[in-house]
Amino acid sequence: MAKQWIAFVLLGSLLAAAGCEDVGGKISSAGNTSAASAAAEGMSSKAPNAELPQQGRFPEEAVVPSVIPSPEASVRAASGSPPDGSVLTVDKALATAKHLHGNSSEVLQWKAEFQRDVDIEGIKRDVWRVEALFRAGNKWWYWLDAKDGKMLVMSEVEAPSAEQEAEPPFKPYLTQTENGLRLDWDKGLYPDVTIMQTLESPEANKLAVHLVRRLAYVKGRERFLMDAVIVDPAGKSLRPVPLADVTLSADGGMDSYTASSFAVAHGFVHGERLILTMPATRQGKLEYNVLSLQIRTGETSVLVEGFMPNPAPDWVAEGWLNSTRDKLYLSLFQSGELWEADLGTGHVQKSADSFAHQWPFSSLFISPDGDRFIYRSKEGGLGLYTADGKRLAELPGKEGYYARPPVAWSPDGRFFIQETTPDQNEAYILSKGENGFFTFAPKSVLLFDRDGKRVAEAPAEEKESGSYIEFTGWLADGSAAVLHAYKLERQGDVPERVQSAYYLMNTGDAGSLVPLAETNRIEAMERPEAIFSKVDGRLVFIDRSSLCYLAQGEEFSDTGKQAGQGQLILVSTPGQEPIRWTSSYQGESITMFSYFPATKRTIQTRLPGNGPFPMTIGTDYVYDFMEGYLRLE
């Protein structure tokens, strides 16, 4: 399955990693981010017009400028506070701009973006750029000093004329940085650009594919454009490929939010073919096609024309490919319609049953191979289904608490785990958050096969080390689940886990449990495998050959506290070598740890940025949406 990082704005995205609840569901999309640099009239950054050398692994096009004048500013999503030293929050920035603007009756939308080191009149400043989008399609930008709130510059971007028939083709370029490469574009020519999704190709010579959305406004109507930008970081080259260009009609309930939910890549076929759904216009009507993109050549083809009519105001909750990669499934959020497209014949059909979701979460939990899913109904029941919606089994879960998501599929899709409590006694609750969300301590872990048959149960009471037991993660080959047993010390507001012990639950031996011995050195392990626990942010290293474990994180080691690192983050994919991890510590730079099991070496690399890296590209690069492609030693 292709590794990917998706960037959408959906309510509840920050709740995805926050514990468990008795009303489950997976977030169908995640936060909206942009990697643009500062731009206004007179401040744009343009790529040079000189001929560029042919490099990289693409047969024709390559864009590798050696030196590109570009402001060093980076845009942050305006969902949190700016860095230390700034007194202006996003709310204050919006309020200040609205006060300066006065009458806002003609403003369709306000939004604010924080930008670092913007060059204004020869001085680099941290600023808030507050945008007022008018009904006519034009925009006003207010540039506010992030420290004192004073307005530095005001500029206007005119609305495109109604006669304008074509947007300029998207021409991104790669900027060389001290640590690697950054994906850039002319911010004056392309003012409203968002990287919506990033995927790593599965073949050996790794490429990254970015789905880049552009929005334009004509007489108050949105124009939606989507391009694929295929980047070869090793070859320092890229290729942009246009995918969609449609005008959205607010009268038909279609806006960029709905269109963005359809304009998604769903996975790779044969390593180099990427399957996508994209909006298109036929005979004046909006519909959705299934496309194939050959990432080495940039060639696109339509596999299924008119996959489904425009379902607005509904949108896509889930989309996935089956194990043989010849069928695509889409599940709509409000209606719960489940559509199937045969990529070979083009045949399309809709399931007789519907699977409506509960805002703001998806209620489908799809197996990694794409052939099964588990659905949580509005009443709280759990059912196991084939990919085309045929019911296989009913699962337990209505009586007690269970996690969100309610199951954890094995990487090979042959088994799944469910954590449960016998009832909904509040004694199991560890902490409560906002909007009814909470974390709880499971009393048992159940193992099921792919057809819903219960294989084994690990009740907490049978473990001498504690009265609670929880699922930590799967080994990369799916041969065993890692379980964590513990007791609770209920002193203070949040109970503390004590007397921890770890076990392997073997899938090939009827769910037998094997205890693991603790070690305090990763070098003592023969073949360590890293697992990130989403429950409490621990990074647990497991060595199956020597049956030992090492748990790292603030609860288990003083190293993180002394370094001010906070929660550890696994960067490499499960089973990948070297094992790479960093921390959630927010600072001007972070440390990347790389452990090489064959030589038992650990390399520490200081890299720019103030957050964890979302993904690796091959073994030599990590991709961070703010800093770009950072090369590792």
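Among residues of the range 298-315 that are at positive phi, those with a beta-carbon under 9 Å from a residue that is part of a strand (DSSP E or B) and loosely packed, with under 14 Cβ neighbours inside 10 Å at least six positions away or on a different chain give the pairs Gly306/Arg282. Mind listing just one residue for me: the one in the range 578-633 that is surrounded by 21 or more Cβ atoms within 10 Å (Cβ to Cβ) and assigned to a loop (DSSP other than H, G, I, E, B) and, of those, modelled with the lowest pLDDT? That would be Pro612.
Which one is surrounded by the fewest Cβ atoms within 10 Å (Cβ to Cβ) among residues in the range 395-409 that are touching a Leu at 6+ places or on another chain (Cβ under 9 Å) and touching a residue at least 24 places away in the same chain (Cβ under 8 Å)? So that I can check it myself, show each step before the final result.
Looking only at the range 395-409, we keep the residues that are touching a Leu at 6+ places or on another chain (Cβ under 9 Å), and these are 395-398, 402, 404, 406-407.
Going one step further and asking which of them are touching a residue at least 24 places away in the same chain (Cβ under 8 Å), we end up with 395-396, 402, 404, 406-407.
Details: Leu395: 22, Pro396: 14, Tyr402: 26, Arg404: 22, Pro406: 26, Val407: 24.
So the residue we want is Pro396.
Condition check ((1) of a type in the set (Lys, Arg); (2) out of contact with any Ser or Thr (no Cβ under 9 Å at 6 or more places or on another chain); (3) part of a strand (DSSP E or B); (4) open to solvent by 10 Å² or more (accessible area, probe 1.4 Å)) across all residues:
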| residue | (1), (2), (3), (4) |
| --- | --- |
| Ala476 | no, no, no, yes |
| Ala485 | no, no, yes, no |
| Asp493 | no, no, no, yes |
| Tyr502 | no, no, yes, no |
| Ala510 | no, yes, no, yes |
| Glu523 | no, no, no, yes |
| Gly537 | no, no, no, no |
| Val540 | no, no, yes, no |
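Annotation note: of Val535, Val540, the sole residue that is of a type in the set (Val, Ile, Thr) and modelled with pLDDT under 85 is Val535. Checking Glu158, Glu203, Glu167 one by one, the residue that is at pLDDT below 85, over 22 Å from Gln109 (Cβ atoms) and not hydroxyl-bearing (Ser, Thr, Tyr) is Glu203 and no other. The single condition among (1) touching a helix residue (DSSP H, G or I) at 6+ places or on another chain (Cβ under 7 Å); (2) in a strand (DSSP E or B); (3) not β-branched (Val, Ile, Thr) that Pro313 does not meet is (2). Among the conditions (1) touching a Gly at 6+ places or on another chain (Cβ under 8 Å); (2) of a type in the set (Ser, Thr, Tyr); (3) open to solvent by less than 40 Å² (accessible area, probe 1.4 Å), Thr386 misses just one, which is (1).
Any residue at all in the range 273-286 that is modelled with pLDDT of 90 or more and either among the basic types (Lys, Arg) or over 30 Å from Ser363 (Cβ atoms) (or both)? Scanning the range 273-286 turns up at least one residue that is modelled with pLDDT of 90 or more and either among the basic types (Lys, Arg) or over 30 Å from Ser363 (Cβ atoms) (or both).
Assess whether Trp110 counts as being at pLDDT 50 or above, open to solvent by 30 Å² or more (accessible area, probe 1.4 Å), assigned to a strand (DSSP E or B) and out of contact with any Lys or Arg (no Cβ under 8 Å at 6 or more places or on another chain). When the stated conditions are applied, Trp110 does not pass them.
Tally up the residues in the range 123-146 that are open to solvent by 70 Å² or more (accessible area, probe 1.4 Å) and more than 19 Å from Leu215 (Cβ to Cβ), please. I'd like the intermediate steps shown before the answer.
Let us first name the residues in the range 123-146 that are open to solvent by 70 Å² or more (accessible area, probe 1.4 Å), namely 123-124, 135, 140.
Retained after the next criterion (residues that are more than 19 Å from Leu215 (Cβ to Cβ)): 123-124.
Qualifying residue count for the region: 2.
Residue count for the range 111-151, restricted to those that are closer than 16 Å to Lys92 by Cα and in contact (Cβ under 8 Å) with a residue 12 or more places away in the chain: 22. Restricting the range 343-360 to residues that are open to solvent by less than 50 Å² (accessible area, probe 1.4 Å) and touching a strand residue (DSSP E or B) at 6+ places or on another chain (Cβ under 6 Å) leaves a set whose member that is nearest to Leu274 (Cα to Cα) is Leu343.
Touching a Pro at 6+ places or on another chain (Cβ under 8 Å), within 15 Å of Leu199 (Cα to Cα) and open to solvent by 10 Å² or more (accessible area, probe 1.4 Å) - does that describe any residue in the range 290-299? Within the range 290-299, one or more residues are touching a Pro at 6+ places or on another chain (Cβ under 8 Å), within 15 Å of Leu199 (Cα to Cα) and open to solvent by 10 Å² or more (accessible area, probe 1.4 Å). Looking at this structure, is Thr277 open to solvent by 50 Å² or more (accessible area, probe 1.4 Å), over 16 Å from Pro202 (Cβ atoms) and β-branched (Val, Ile, Thr)? So Thr277 does not fit the description; no.
As for the range 343-366, it holds at least one residue that is closer than 13 Å to Leu328 by Cα, in contact (Cβ under 8 Å) with a residue 60 or more places away in the chain and assigned to a loop (DSSP other than H, G, I, E, B).
The values are calculated or read from the model by the stated rules, or taken from the named source; none is laboratory data. Keep in mind it's a predicted model, so treat the numbers as computed, not measured. Cβ atoms come from the backbone with ideal geometry, glycine included; neighbour counts cover every protein chain shown. All accessible areas refer to the heavy atoms of the entire protein, side chains included, with ligands and DNA or RNA removed. Shrake-Rupley method; radii C 1.70, N 1.55, O 1.52, S 1.80 Å.
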